[in-house]
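Heads up: the structure comes next, in structure tokens.
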Amino acid sequence: MRRLLLVLPLLLLTLPACDSSESDDVEITIAAANSFVVVSYVGSLEDGTVFDQSNSAAFELARTIPGFRDGVVGMEVGETKTIVVPPEQGYGANPVLDSQNNVLIPANSTLTFVVTLLDIIE
């Protein structure tokens with residue numbers, strides 16, 4: 001009985017956090033597959049060559065390569081994560097070319113992104 005009395009105050013402290021009456025004012029802080037996100041990222045090849053980076057890129061997550069999207073889904077605003085994207089979740093057998101037709105990302109490349117989720121825009 002003594003243990004129950006010690007746990008009860010802790011349970012009561014958590015109840016206000018579960019109040020559904022405040023749900024209209026809840027700010028979304030976890031990325032979903034259809035979120036419009038703002039991220040900072042560095043994308044590199046397996047040998048460490050950086051092929052792209054940005055301090056503040058805004059885009060619809062659903063329009064990115066599957067491996068990047070799946071890696072960002074579930075991240076919280078402010079979180080930093082390293083995402084490794086195998087070729088079948090990235091660009092596959094298709095090389096990515098720059099504006100001068102130079103190969104930026106070779107075919108069948110595994111990509112690594114270090115991503116910080118800066119914001120989710122509704």
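The values are calculated or read from the model by the stated rules, or taken from the named source; none is laboratory data. Given the structure is predicted, the values throughout are model-derived calculations rather than measurements. A quick note on method: Cβ atoms are made from the backbone with ideal geometry, for glycine too, and the neighbour counts reach across all protein chains shown. Quick note on the areas: whole protein, heavy atoms, side chains included, nothing else; ligands and nucleic acids left out. Shrake-Rupley method; radii C 1.70, N 1.55, O 1.52, S 1.80 Å.
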### Query
Inside the range 35-54, can you point out the residues that are more than 17 Å from N108 (Cα to Cα) and of a type in the set (S, T, N, Q)?
S35, S40, Q53, S54
### Summary
Within the range 69-92, residues open to solvent by 70 Å² or more (accessible area, probe 1.4 Å) and over 16 Å from the mean Cα position of the chain (by Cα) come out as E88, Y91
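This table checks each residue for (1) open to solvent by 80 Å² or more (accessible area, probe 1.4 Å); (2) at pLDDT 95 or above.
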site	(1), (2)
L12	yes, no
P16	yes, no
S40	no, yes
G43	no, yes
Q53	yes, yes
#### Entry: Check on A33, modelled with pLDDT under 95 and in contact with a Leu (Cβ under 8 Å, 6 or more places away or on another chain)
yes
### Query
If you check S44 against the conditions, is it closer than 20 Å to I121 by Cα and small (G, A, S)?
no
